[in-house]
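Participant: My questions will all concern the structure given below.
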Amino acid sequence: HRALSKRTLPLATTSISRSISALVIVEHEGGAIKPQSVSAVAAAKSLSDDDNTIAMLLAGSGPSLHLAASRAATCHPSVSQVLVADSDKFSYSLAEPWAKLVHLVHQRGGYSHVIAASSSFGKNVLPRAAALLDVSPITDIVEISGSSQFVRPIYAGNALCTVRYTGANPCMLTIRATSFPVPPVSSDSKLNEAPISQVDLSTFDEDITGKSRYVGHTSQDTERPDLGNARIVVTGGRGLKSAENFKMLEKLAEKLGAAVGATRAAVDAGFVPNDLQVGQTGKIVAPELYMAFGVSGAIQHLAGMRDSKVIVAVNKDADAPIFQVADYGLVGDLFVVIPELSEKLPGK
Ligand code: FAD
């Protein structure tokens, strides 16, 4: 843990080189760059006031990879280069080949920083790549105050800790995407198009996927927005009492164009799948509006949603801790409130 050790902090010097050249690990799906990866570029840009060199690294196979690469080339004005690793080995985003790829690309490019979003994917790949590069990663960063000084939450978000990286290059970071919002690109703004190059994989080790293998992929067939990026999230807790009752919440979500979230208690009770879990061990969200129904407000849940702009809570217990963080609180029975709300909202 040398990156976090207070005793080893030198007063003024660090081994990070002054010029910033960052490698951003990119997630893409169906030819589109995931918003959290654009946030990682925004974080790379904020490492210094100078013109940082920022390379985006994409891996995968087939036409969707190349479509994603062309989108990456124009996704942020600060991107200097897009690197594409095109191979069947990356078809399923397994962490082991990805970690090896980051290792290989860093050895060739000598980056000062390697950055990924603090998503399931980033949290899977980055520490493995850091182990291969023999450096200590710093995770879940919410603020960058210099090229080697970062702020990250500790104790389930109840305190913020400033850490300085004093290790060798590269400084490897995962960033909390909700803390690095990307302003929408206006139609009249001029976007540069970064050059796209292929990563030479001729020396890439063949035998790398031994420890994990792709089994299958399931995804909800829904038109609702992705939980991590939705503008509105409606969350149900144990108070909903059954999977059947969650349908009531889904109806409300459809009317609001919202994503559905859940507490761990609701997930553990089998009401909804665990990819809907919000909190310390689930997804971190910061939507414009967060509505919590039948959620008590345990600190582990608050850790995943307390940065939401407006929080609305409905709970029949007036002393529920969720009311301490809510902007609007309604003491009432959710089985009365949700149908009434759905009925009064315009739409089908
Ligand atoms: P409860 O605490 O049981 O609350 C249910 C609420 O519903 C109550 O406040 C009740 O008053 C209300 N209610 C009941 N009926 C109605 C009704 N008819 N109308 C209105 N209100 C009603 N939790 C997470 O959510 N996310 C995490 O990531 C997470 N990670 C964890 C990690 C660790 C290491 C640990 C130890 C715990 C974690 N937890 C997490 C669990 C957390 O501590 C709580 O147990 C959980 O958040 C409680 O979920 P809940 O609010 O749905 O249930």
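Participant: For residue 340, what charge total do you get from the other residues with a beta carbon under 15 Å from its beta carbon, if Lys and Arg give +1 and Asp and Glu give -1? It would help to have the intermediate numbers written out before the result.
Facilitator: Values: positive: 251, 255, 316, 344; negative: 333, 343.
With Lys, Arg at +1 and Asp, Glu at -1, the net is +2.
Participant: Greater than 18 Å separation of Cα atoms is the criterion. Which listed pairs, 283/309; 123/283; 241/316; 247/309, meet it? Numbers along the way, then the final one.
Facilitator: On the way: 283/309 16 Å; 123/283 12 Å; 241/316 14 Å; 247/309 25 Å.
Where the Cα-Cα span goes over 18 Å, the pairs concerned are 247/309.
Participant: Would you pull out the residues with amide H under 5 Å of residue 329's amide H, same chain only if 5 or more places away, H placed 1.01 Å from N?
Facilitator: When sequence neighbours closer than 5 places are left aside, the close amide H contacts are 313.
Participant: A further question on this structure: Within the chain, which is the longest segment that contains none of the GluC sites (Glu not before Pro) sitting in a DSSP loop with at most 15 other Cβ atoms within 10 Å?
Facilitator: On the way: sites that count: 193, 206, 223, 288.
With GluC sites (Glu not before Pro) excluded where exposed in loops, the chain gives 1-192 as its longest stretch.
Participant: If a paramagnetic tag sat 7 Å from the Cα of residue 160 along the Cα-Cβ line, which residues of the range 114-142 would have the backbone N under 11 Å from that point?
Facilitator: 142
Participant: Okay, next question. Using only DSSP helix segments of four residues or longer, with each worth -39500 (n - 2.57), what per-residue ellipticity at 222 nm results for the chain after dividing by its residue count and rounding to 500? Could the numbers behind the result be given before it?
Facilitator: Details: 9 runs with 88 residues, N = 348.
The per-residue figure over the chain is -7500 deg cm²/dmol.
Participant: Applying the Karplus parametrisation 6.51 cos²θ - 1.76 cosθ + 1.60 with θ = phi - 60° to the phi angles of the range 267-281, what ³J(HN,Hα) value in whole Hz is obtained for each residue in order, glycine and proline being reported as x?
Facilitator: With the stated coefficients, the range 267-281 comes to 5, 4, 7, x, 5, 9, x, 6, 6, 8, 5, 10, x, 3, 10 Hz.
Participant: Report, in degrees rounded to the nearest 10, the 0 to 90 angle that the Cα long axis of helix 243-256 makes with the longest principal axis of the chain.
Facilitator: The angle comes out near 70 degrees.
Participant: If the cut-off is 17 Å between C-alpha atoms, which lysines fall inside it for residue 344, apart from same-chain ones fewer than 8 positions away?
Facilitator: In chain and number order, the partners are 251, 255.
Participant: If each residue of separation counts as 0.36 nm, what is the full-extension length gain between residue 193 and residue 223 once their alpha-carbon separation is subtracted? Don't skip to the end; give the middle numbers.
Facilitator: On the way: separation 30, 0.36 × 30 = 10.80 nm, distance 3.10 nm.
Gain in length upon complete extension: 7.7 nm.
Participant: What distance in nm separates the two pseudo spin-label positions at residue 269 and residue 49, each 7 Å out from Cα along the beta-carbon direction?
Facilitator: Those two pseudo-labels are separated by 5.4 nm.
Participant: For a quick check: with amide H placed at 1.01 Å from N, whose amide H comes under 5 Å from residue 54's, ignoring anything fewer than 5 positions away on the same chain?
Facilitator: 22, 80, 81
Participant: Now for a separate question. Roughly how far apart, in whole Å, are the Cα centres of the range 259-293 and the range 90-110?
Facilitator: For the range 259-293 versus the range 90-110, the Cα centre distance is 31 Å.
Participant: Now, a different point. State, as an integer percentage, the relative contact order of the chain based on alpha-carbon contacts under 8 Å between residues 6 or more apart.
Facilitator: Details: 717 pairs, mean separation 49.7, N = 348.
Relative contact order here is 14 percent.
Participant: Counting only residues 5 or more places away or on other chains, whose amide H sits under 5 Å from the amide H of residue 171 once H atoms are built in the peptide plane?
Facilitator: Correct list: 113, 114.
Participant: Could you compute how fast the chain diffuses translationally, taking Rh as the Kirkwood radius over C-alpha pairs and applying Stokes-Einstein at 25 °C with viscosity 0.890 mPa s? Give it in µm² per second.
Facilitator: Working: Rh = 21.6 Å.
Approximately 114 µm²/s, per Stokes-Einstein.
Participant: How much of the accessible area of the chain, in percent, comes from carbon and sulfur atoms when a 1.4 Å probe is used? All intermediate terms of the calculation are to be shown ahead of the outcome.
Facilitator: Numbers: 8750 of 17490 Å².
In the chain, the share of accessible area belonging to carbon and sulfur is 50 percent.
Participant: Right, here's the next one. Work out how much length residue 151 to residue 330 would gain on full extension: take 0.36 nm times their residue separation and subtract the Cα-Cα distance, in nm to one decimal.
Facilitator: Full extension from residue 151 to residue 330 adds 61.0 nm.
Participant: Enter the mean projected area of the convex hull around the alpha-carbon atoms of the range 212-257, in nm², rounded to one decimal. Walk me through the numbers before you get to the answer.
Facilitator: Details: hull surface 19.6 nm².
That works out to 4.9 nm², a quarter of the Cα hull's surface.
Participant: I've got another one for you. What list of ³J(HN,Hα) values in whole Hz, one per residue of the range 156-166 in order, does the Karplus curve 6.51 cos²θ - 1.76 cosθ + 1.60 (θ = phi - 60°) give from phi, with Gly and Pro shown as x?
Facilitator: 6, x, 7, 9, 10, 10, 9, 10, 10, 8, 10
Participant: Something else: May I ask you to rank 58, 104, 345 by accessible area, largest first, using a 1.4 Å probe over the protein chains only?
Facilitator: Working: 58 0, 104 20, 345 45 Å².
The most accessible residue leads, giving 345, 104, 58.
Participant: So, one more: Enumerate the aspartates and glutamates that residue 45 could reach by cross-link, defined here as Cα to Cα under 15 Å, with residues fewer than 8 away along the same chain left out.
Facilitator: Within the straight-line limit of under 15 Å, residue 45 reaches these aspartates and glutamates: 143.
Participant: Once R0 is set to 51 Å, what does the formula 1/(1 + (r/R0)^6) return for the Cβ-Cβ distance between residue 120 and residue 340, expressed as a FRET efficiency to the nearest 0.05?
Facilitator: That gives a FRET efficiency of 0.90.
The values are calculated or read from the model by the stated rules, or taken from the named source; none is laboratory data. Computed from a predicted structure; not experimentally measured. Heads up, the Cβs are rebuilt from the backbone with ideal geometry, glycines too, and the neighbour counts pull from every protein chain shown. Heads up: the accessible areas ignore ligands, DNA and RNA and are worked out on the full protein's heavy atoms, side chains in. Shrake-Rupley method; radii C 1.70, N 1.55, O 1.52, S 1.80 Å.
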